[in-house]
1. Could you sort 128-141, 57-70, 102-115 so that the peptide with the highest average Cβ count within 10 Å comes first and the rest follow in order?
2. When the distances between all Cα atoms of region 41-157 are binned every 10 Å from zero, what whole-number percent does each bin get?
3. Please give the length that would be gained between residue 136 and residue 62 if that part of the chain were fully extended, namely 0.36 nm times their separation in residues minus their C-alpha to C-alpha distance (nm, one decimal).
4. Give, as ranges by residue number, the residues of region 72-95 whose backbone N falls under 12 Å from the point 7 Å along Cα→Cβ of residue 45.
5. Want the number for residue 145 to residue 189: 0.36 nm per residue separation, take away the alpha-carbon distance, what's left?
6. Within region 38-71, name every residue whose backbone N is under 16 Å away from a label modeled 7 Å from Cα of residue 111 along the Cβ vector.
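Bear in mind that the values in this text are calculations on the coordinates, not laboratory data. Small disclaimer: the values here were computed from a predicted structure and weren't measured. Note: ideal-geometry Cβ built from the backbone for every residue, glycine included; neighbour counts use all protein chains shown.
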Amino acid sequence: MELWKKSTIFAVKMRKVRRLLTAFCTFVTLLAVTSCSNEEETFFFDENGVPTATAQQRISDEQFKAMVNGNGWVETATHEIFSNGDYDKRDYWEGMDTAAGPSRYCLKGDTISEYIFLDCLPKMGSNVRRMRYDASTNTVYADNKMVLRIISVNNGWMQAVKLGGLAFKQRSKSQSLYFYVTLRRMSDAERKDIEEYE
């Protein structure tokens, strides 16, 4: 009888140890996965004061034509880039009482069309310009002015640095305001609908 009690007590203690060990291993695994998947983009400023991602996918002319050109893109997230290379985690347009909003782009051959919603106009504003792509910097230019510097393109999503305009708050190293943007490729129906505004 004594032997039975000792083995039962030992079994109960072992179950508790196994549970604690399982909980500890789960915690360590979650910590490792969270820290690995929580890597955030950081930027440095080139000689022209334009933010460049520290981890940027190289996109050749051929890849640009296959993955980006010929498509429409909707800006889904916009974050201001600061002079220390970080970016504002809040969306730039969130809670902003303004007449403007996120952009939409259609790239076709050697032209880029930018569509902007403005409250002061009865319809969306559009601007069609000549476009060129510089594969050495992943930069899309419209009339020789930077529009987007592509960071990555994957499965219908694009991340890029976007020129936003003049920096009134002077929080960046240049006189311009730059954004870290995420864009989603438009469906054919979305693109057809938006191109009717031209």
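1. Per-residue Cβ counts within 10 Å, averaged per peptide and sorted highest first, yield 102-115, 128-141, 57-70.
2. All Cα pairs considered, the percentages come to 12, 39, 39, 10, 0.
3. 25.4 nm
4. Answer for this model: 81-86.
5. Taking 0.36 nm per residue and subtracting the Cα distance, the gain is 12.9 nm.
6. Label zone hits: 69-71.
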